[in-house]
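The values are calculated or read from the model by the stated rules, or taken from the named source; none is laboratory data. All of these numbers come straight from a predicted model, not from anything done at the bench. Every residue, glycine among them, receives a Cβ derived from its backbone with ideal geometry; neighbour counts consider all protein chains shown.
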Amino acid sequence: MVFVQKGAESMKGIKRLAAGLLAALAASLLSGCSIVGLDVENKLRPPRGTGEQEAIQQALESYIRSAEKSSSYLLKYPKSGDYRSAFIVDDFDRDGEQEAYAFYRPGQENRKTHVNYLRKVEGQWKSVADTEGYGSEIGEVMLGDLSGNGVQELCVGWQQYGTTDREMVLYSLSSSGLIAQDAGAYSVALTADLTASGSDSLLLLGVGAEETVTARLWSMRSGELKELGMTRLDGSIVRFSNLQPVKLADGVAGGYVDGVRESGAMVTELIYWEDGQLFAPFYQPDSNRTTITVRESGIPAMDVDGDGQVEWPVSSRMNGYGDVPVSEALWITRWQTWDYATRTVQTKYFDYVNLRDRYSLRADEVFWQGVTGLYNKDSHILTISTYEGEITDAGIGSVAETGSVVLQLQAVALGESSQAQWGTLVSTSATTAYYAQTGNLPGYDLTLDKLGYMLTILP
């Protein structure tokens, strides 16, 4: 029973009650315990959608009330990837009508997240299939026509408790409901037509025990998820990033991926399918390592010239930075690519890459052999000078005393051009203006026009 007091005493009582509740809530948050009656996750009603999404959500709620005998539920949202909504709406079967996948967790504690499939029946949205998932949290969601029948399957990466790995489960619709097929643990994934068969494949990269790092390719065969092939990758990789699809030739596709070693060094792998086999041409089985793409700089692989092919950087320290810590060193990057026709590695460019200010400065190898650089993080000024002595105050001080300035480049946020105390505007991005000046040194023939061609703005 609740008693309500009147007047000043009532206000005092309310204040005491509020203070007590706040204190209890704070104690609960600090201890990691929940308070009976204050389970926010379970009691908050999901926000209402609008338009078509509202109709889909109402159909979902109707199903939950029927199946769970309760209206309590929590919408669940993928944590990463291209699909971040609790509802994914598309024409998955290409019949001209939209269908929907919904992700929710029934209101009771310690329940797993469900996958619900909805479509229109006689003009009204209706839940037609539902299944319990493989965990409570969804890492990512992907779509792909792995069966080649024109219907997109749902690929869900379930977050695994206590690990960064995810469990990849593929969902397809049958007359009996949603069929779930488990492809196993993985770190990063890609869906694309990697076999030139007209249907998508599922590429899974994973880090196992005892320096076992693998790439596995999956596809659908007669309604069953089958592993087509597997290949080993650099065994020192502890995590992946930046998985990018690439077309190597007509009928040959694959993916580039950056792997990070425990030391912090980065290595790029290429994986592709050909003649019924999965290949990783950079990997060396004898050493369980990939060495030709290793770099300390942390610069990712990317398509630096817009030709549709991925280049990876192999970095070397600028003159004078041999003993400087990795985080403070400046690097010259040799961009390389793999030529599928000749099965050889080719060098395409040499440049200095500034990820902080999102640009690269391209010049030939001879240019970089005779210079060094200093970068001031506060002013965002890069100074390239002739190298005539050692670097003693890297990243903070001025040009070496015996060196002559070849060029200076400053990145300034748009709208703050007054901060550029010198130089001429040579380029702009959506957020940044780039100012430069040259030292007019004999032998370098460096003009502002030429500098404009050397400068590339990174995405």
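Condition check for S379 on (1) modelled with pLDDT of 90 or more; (2) touching a Ser or Thr at 6+ places or on another chain (Cβ under 9 Å): one failure, at (2). When the residues of segment 135-171 are filtered to those that are surrounded by 21 or more Cβ atoms within 10 Å (Cβ to Cβ) and of a type in the set (D, E, K, R), the one that is farthest from T113 (Cα to Cα) is E153. Inspection of segment 388-396 identifies no residue that is assigned to a strand (DSSP E or B), without any contact (Cβ under 8 Å) to a residue 24 or more places away in the chain and out of contact with any helix residue (DSSP H, G or I) (no Cβ under 9 Å at 6 or more places or on another chain). For segment 314-335, the count of residues that are under 21 Å from S241 (Cβ atoms), touching an Asp or Glu at 6+ places or on another chain (Cβ under 7 Å), part of a loop (DSSP other than H, G, I, E, B) and of a type in the set (A, V, I, L, M, F, W, C) is zero.
With the structure loaded, tell me whether A180 is in a strand (DSSP E or B), modelled with pLDDT of 95 or more, touching a Ser or Thr at 6+ places or on another chain (Cβ under 9 Å) and surrounded by 15 or more Cβ atoms within 10 Å (Cβ to Cβ) or whether it fails that test. Judged against the criteria, A180 is a match. With respect to the conditions (1) surrounded by fewer than 20 Cβ atoms within 10 Å (Cβ to Cβ); (2) more than 19 Å from Q437 (Cβ to Cβ); (3) touching a residue at least 12 places away in the same chain (Cβ under 8 Å), V353 falls short on a single one, namely (1). Per the listing D449, D393, the residue uniquely modelled with pLDDT under 90, loosely packed, with under 14 Cβ neighbours inside 10 Å and within 29 Å of D307 (Cβ to Cβ) is D449. Under the condition of being closer than 14 Å to G157 by Cα and not basic (K, R), the residues counted in segment 60-85 number 6.
Taken over segment 103-134, the residue count meeting the criterion of being over 12 Å from L60 (Cα atoms) and surrounded by 18 or more Cβ atoms within 10 Å (Cβ to Cβ) is 3. For segment 188-205, filtering for residues that are part of a loop (DSSP other than H, G, I, E, B) and either touching a helix residue (DSSP H, G or I) at 6+ places or on another chain (Cβ under 6 Å) or surrounded by fewer than 23 Cβ atoms within 10 Å (Cβ to Cβ) (or both) leaves 6.
Sort out which residues of segment 340-352 are under 15 Å from T268 (Cβ atoms) and either not in a strand (DSSP E or B) or not polar (S, T, N, Q) (or both), and write them in order of number. Hits for segment 340-352 are V345, K348. Residues in segment 318-354 that are touching a strand residue (DSSP E or B) at 6+ places or on another chain (Cβ under 6 Å) and not hydrophobic (A, V, I, L, M, F, W, C): 14 in all.
Applying a threshold of 7 Å to beta carbon distances and a minimum spacing of six or more residues, or different chains, the list of pairs starting in segment 86-100 at a residue that is at pLDDT 90 or above and ending at one that is crowded, with 18+ Cβ neighbours inside 10 Å and part of a loop (DSSP other than H, G, I, E, B) reads A86/K76; F92/Q152; E99/F92.
In segment 304-313, of all residues being over 16 Å from L361 (Cβ atoms) and part of a loop (DSSP other than H, G, I, E, B), the one that is farthest from the chain's Cα centre (by Cα) corresponds to D307.
In this structure, is E416 at pLDDT 85 or above and in contact with a strand residue (DSSP E or B) (Cβ under 9 Å, 6 or more places away or on another chain)? When the stated conditions are applied, E416 does not pass them. Taking strands (runs of 3 or more DSSP E) as the structural unit, those lying wholly within segment 64-127 and holding at least 1 residues that are farther than 18 Å from G144 by Cα correspond to 73-75, 99-106, 114-121. On the stretch given as segment 258-279, residues that are of a type outside the set (A, V, I, L, M) and assigned to a loop (DSSP other than H, G, I, E, B) total 5.
Filtering segment 428-452 to residues that are more than 36 Å from the chain's Cα centre (by Cα) and among the β-branched types (V, I, T) leaves T438, T447. If you filter segment 241-276 down to residues that are surrounded by fewer than 21 Cβ atoms within 10 Å (Cβ to Cβ) and of a type in the set (D, E), you find that the one that is nearest to L203 (Cα to Cα) is E274.
Within segment 228-252, residues that are free of Cβ contacts under 8 Å to residues at least 60 places away in the same chain and outside any strand (DSSP E or B) reach partners that are acidic (D, E) and loosely packed, with under 15 Cβ neighbours inside 10 Å with beta carbons closer than 9 Å, at six or more positions or on different chains, in the pairs D234/E211; G235/E210; G235/E211; S236/E211; S236/E262.
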